[in-house]
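To start, the structure itself, in structure tokens.
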Amino acid sequence: MAGGWSSDGAVQEQIDSSIEDAIARARSQLPSGASLSHCEECHTPIPLARQQAVPGVRLCIQCQAELDRQQLHSSGYNRRGSKDSQLR
């Protein structure tokens with residue numbers, strides 16, 4: 001049921017659009033090309049199993065975990081989805 005000036009299905013369209021944007025962003029961050037034998041950041045050897053499991057890997061597990069933590073804190077998406085959080 002639409003309210004105000006929004007059309008029927010507008011909320012679902014917004015949700016779908018947010019999901020598509022998140023998927024595109026995640027795909028753009030996937031590594032590509034040949035895996036490195038040593039980490040770009042700390043220069044420690046990357047295990048062969050990791051190189052084979054993640055094609056195009058550039059970071060060791062520790063450096064990748066740190067990068068993931070930093071990206072988690074800088075996420076610009078509204079995960080709550082409530083009106084109050086959107087108005088702030």
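Coordinate-derived values only; no laboratory data. Everything numeric here is computed off the predicted structure, so don't read it as measured data. Here the Cβ positions follow ideal geometry from the backbone for every residue, glycine too, while neighbour counts run over all protein chains shown.
Summarising the label geometry, the points placed 7 Å from Cα in the beta-carbon direction at Ile15 and Gln62 lie 4.2 nm from one another.
Cα gyration tensor of region 35-74, axes a ≥ b ≥ c as square roots of the eigenvalues: rounded (a/c below 1.5), prolate (a/b > b/c) or oblate? Cα axes put region 35-74 in the prolate bin.
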